[in-house]
Structure formats: C-alpha cells, structure tokens
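A.B. asks: Pasting a structure here, questions to come.
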Amino acid sequence: MDLTVAPSEANGRLDAYLHRQRPELSRTRIQELIRQGEVTVNAKTVRPSYSVRPGDLIAVDVPAPQVLRVEAEAIPLSIVFEDEDLVVVDKPPGMTVHPAPGSWTGTLVNALLHHCRDLSGINGVLRPGIVHRLDRQTSGLLVVAKNDAAHRGLAAQLEGHRMRRGYVAVAWGRLPDDQGTVRAPVGRHPRDRQRMAVVDGGRAAVTHYVVRERWAFLTLLDLALETGRTHQIRVHLQHLGYPVFGDPVYGGRPRSAGLAPAWRRPAEALLSMIDRQALHARQLTLSHPRTGREMTFAAPLPADLLVVIEAARGDRPGLESP
C-alpha cells in the first residue's frame, strides 16, 4: 500500500497516521511493522514517532498471515456465546491468552484452535483471533474473532471506545468517594520493564469506578475501562493508593503488615484464600460486527473471588472481627 501525506494530515506521528488509514490494524501492530522495516517514508526506514510531513511518500507492506504453528489442544472452555463470526469466552484465572516465551502450551489460543479451527489471522501466528487480552491471573470475558472481517469490526469498536468492558475488583483500603475517575497516563515502569506505571509521556488511560461495598479494610468496586492499556486497572488502583487485593506485582499482597494489629490476622486469612489479584472481567458490551446488533454478555464471579467477598462480608467462616 502506497500513501501520500496530505497537508491536513501532516505533523502527527507516523503510527497514528497509519492507524487512521488502516484502522483494522492495531496501533501496536503498526508499530511492530515500522520497527521491522515493513514501512518506509520516502524510501527510508523511520521510527514510529516520526512526524509525517506534507508530500511524504509512505510505503506499507503488511505480510500475509503465516501458516499457524501453534498446536491445537483439547482444553475445556467456558463458551458464553458463539456464531460464525465471533466467540465470547469466560477465561479462568491462571490461563494465558496467547503463546509466548515460557508459556507455549495451555493457552486460550491453543484451546480455541481446537474448538474453532477458523480464527482470524490479522494478529499473526501466535495471536489468531485475539482482539483484546486479559492478564493471566485476571478472569472473565474475552471476545475472539473467527474471521478477518469480524476482527476489523471489533478492533474498530475497541479503538473507538465503543466496546464497553466492566470489571469487579476487591481493593485494599476503604475508598473515600462513592465513585470517581482515574485519568493518568500508563507506560513502562522506568526501572522495571516487566511492569507498567503511571508515567509522564505514557499513553492516555482512563478508568471509572463505583464503590459497591466497603468492609473493615477492603472495598468492592465496579470498574469500567474507557481505554485498554496493559495492566490499566491494576496500575490505576495502585496509583490511587488502593491496590487490587492479592496482586503480587502492584502492591496487593504484603499490605497486611501496614494494618492495625487487630486486623493483621484477618487480612492474612483472606490472602490465603486467593493466589492472584482479585479482578474479574464481568461484563462485555459490543455491536455484532456483521449485524450491528448491540449484545451484552455477563460472567459470574469465579469461586475464589466469591470466597474472599463472602468472608470479608462475614458470610463465611474464616474472618473474625477483632
């Protein structure tokens, strides 16, 4: 594909410009293509941050999807909805979404290849059909595209903030406001590249929350993503000072030491009931990419999260008030 930059499109980033021209490709995918030399400007390779100028000649070569080499595996899936275009899955905690170093088998993609055998190839060999992701230890709803047309439609909804995703989380502490919005840019942690953080120059990120219940030292929250940055909810709640309960990466596991002495043992009892962050993608609303019909899906809370909530409420033995 060859493009010539019009004066009205000049002075923006190259990756943003290409995303407007090819909205079916995610911004991340475009950045990968630029770094791999599949994009040239005036016959030269440049960085994703290159500022396009009037008259720039841009050549884009999107390689055809490779033949899949990921093995299909007969792994049980909780299918919430499925038709010829998409499948909505309730992902359990502990399952990685797609193969990656250290996790080549047992992923959602391995299971989907056995179940569907006809996933979209837009996101390449290792991520067929994957429109959006959940962290390995976050449970809940994901939509997967079964053909390229569906993938383009769903990706456009995601990029345009028209796909609504609702989460439930248990957070440390008692949030003072009944509802609020976190607007804080998210990017790579400046010292630990395996983590994300609120950083100057990060990508814009917006999370809305509503308090459902408050307990002695925990809060139950409903959250809605306006954007979908990596680890966004976990990073934003840590930024507020109320990290997700049980989160081993963003301050959610060792915090019982900071509680009043009378609450330390109950907090430790609760931590023993869950070995992950208490975060669940409970609701997903989208427009069907073929029919345009709005569809809403819901996933019940998983057993480990229910145990923590019931114990914190006092409905289950194991958490005695001081």
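The values are calculated or read from the model by the stated rules, or taken from the named source; none is laboratory data. This structure is a prediction, so every number in the text was calculated from the model and none was measured. Cβ placement follows ideal geometry from the backbone for every residue including glycine, while neighbour counts extend to all protein chains displayed.
A.B. asks: If I filter segment 280-295 down to residues being exposed (fewer than 15 other Cβ atoms within 10 Å of the Cβ) and touching a residue at least 40 places away in the same chain (Cβ under 8 Å), which single residue comes out as farthest from Lys91 (Cα to Cα)?
C.D. replies: Going through the qualifying residues, I end up with Arg290.
A.B. asks: Every residue in segment 206-246 that is part of a loop (DSSP other than H, G, I, E, B), within 12 Å of the chain's Cα centre (by Cα) and not β-branched (Val, Ile, Thr), please.
C.D. replies: Passing the criteria: Glu226, Gly228, Arg229, His231.
A.B. asks: Sticking with this structure for a sec: Among the residues of segment 1-28, how many are in a helix (DSSP H, G or I), of a type outside the set (A, V, I, L, M) and under 21 Å from the mean Cα position of the chain (by Cα)?
C.D. replies: 4
A.B. asks: Checking the condition within 18 Å of Leu237 (Cβ to Cβ) and touching a Leu at 6+ places or on another chain (Cβ under 9 Å), which residue from Leu271, Leu279, Leu259, Leu284 passes?
C.D. replies: Leu279
A.B. asks: For segment 84-102, which positions are out of contact with any Ser or Thr (no Cβ under 8 Å at 6 or more places or on another chain) and outside any strand (DSSP E or B)?
C.D. replies: Glu84, Asp85, Gly94, Pro101, Gly102
A.B. asks: For segment 194-205, enumerate the residues that are in a strand (DSSP E or B) and surrounded by fewer than 16 Cβ atoms within 10 Å (Cβ to Cβ).
C.D. replies: Arg203
A.B. asks: Here's another thing I want to ask about it. Taking the condition surrounded by 12 or more Cβ atoms within 10 Å (Cβ to Cβ), at negative phi and out of contact with any Gly (no Cβ under 9 Å at 6 or more places or on another chain), does Arg191 pass?
C.D. replies: So Arg191 does not fit the description; no.
A.B. asks: Now for a different question. In the list Val170, Val144, which residue meets the criterion of being under 28 Å from Glu71 (Cβ atoms) and not in a loop (DSSP other than H, G, I, E, B)?
C.D. replies: It is Val144.
A.B. asks: Taking the stated definitions as given, is Glu310 acidic (Asp, Glu), more than 20 Å from the chain's Cα centre (by Cα) and either more than 12 Å from Val170 (Cα to Cα) or part of a strand (DSSP E or B) (or both)?
C.D. replies: Criteria not met by Glu310.
A.B. asks: Can you find even one residue in segment 82-90 that is closer than 30 Å to Ala303 by Cβ and in contact with a helix residue (DSSP H, G or I) (Cβ under 6 Å, 6 or more places away or on another chain)?
C.D. replies: yes
A.B. asks: Given the criterion surrounded by fewer than 16 Cβ atoms within 10 Å (Cβ to Cβ) and among the aliphatic types (A, V, I, L, M), identify the matching residue among Ala111, Ala72.
C.D. replies: After applying the criteria, what remains is Ala72.
A.B. asks: Determine which single condition Phe81 fails, assuming it passes every other condition in (1) within 19 Å of Asp118 (Cβ to Cβ); (2) in contact (Cβ under 8 Å) with a residue 40 or more places away in the chain; (3) assigned to a loop (DSSP other than H, G, I, E, B); (4) not small (Gly, Ala, Ser).
C.D. replies: Every listed condition holds for Phe81 apart from (3).
A.B. asks: Let me ask something else. Can you tell me which residues in segment 148-188 are polar (S, T, N, Q) and in contact with a Leu (Cβ under 8 Å, 6 or more places away or on another chain)?
C.D. replies: If the condition is that a residue be polar (S, T, N, Q) and in contact with a Leu (Cβ under 8 Å, 6 or more places away or on another chain), then Gln157 is the only one that fits.
A.B. asks: Specify which of the listed residues (Val249, Val210) is in the same structural domain as Gly173 (by TED's automatic domain parsing) and under 22 Å from Ala298 (Cα atoms).
C.D. replies: Unique residue meeting the criteria: Val210.
A.B. asks: Go over the candidates Thr40, Thr105 one by one and state the one that is out of contact with any Lys or Arg (no Cβ under 9 Å at 6 or more places or on another chain) and either closer than 24 Å to Gln157 by Cα or not in a loop (DSSP other than H, G, I, E, B) (or both).
C.D. replies: Going through Thr40, Thr105 in turn, the sole match is Thr40.
A.B. asks: Something else now. Given the conditions (1) in contact with a Pro (Cβ under 7 Å, 6 or more places away or on another chain); (2) buried (at least 21 other Cβ atoms within 10 Å of the Cβ); (3) outside any helix (DSSP H, G or I), report the number of the one that Ala150 does not fulfil.
C.D. replies: Just one mismatch for Ala150, condition (3).
A.B. asks: For segment 41-53, check the following and say yes or no: at least one residue is out of contact with any His (no Cβ under 7 Å at 6 or more places or on another chain), closer than 21 Å to Ala299 by Cβ and surrounded by fewer than 20 Cβ atoms within 10 Å (Cβ to Cβ).
C.D. replies: Checked segment 41-53: no residue is out of contact with any His (no Cβ under 7 Å at 6 or more places or on another chain), closer than 21 Å to Ala299 by Cβ and surrounded by fewer than 20 Cβ atoms within 10 Å (Cβ to Cβ).
A.B. asks: Residue by residue through segment 256-279, note down the ones that are crowded, with 18+ Cβ neighbours inside 10 Å and either part of a loop (DSSP other than H, G, I, E, B) or in contact (Cβ under 8 Å) with a residue 60 or more places away in the chain (or both).
C.D. replies: Once the filter is applied, which keeps residues that are crowded, with 18+ Cβ neighbours inside 10 Å and either part of a loop (DSSP other than H, G, I, E, B) or in contact (Cβ under 8 Å) with a residue 60 or more places away in the chain (or both), segment 256-279 yields Met273, Ile274, Arg276, Gln277, Ala278, Leu279.
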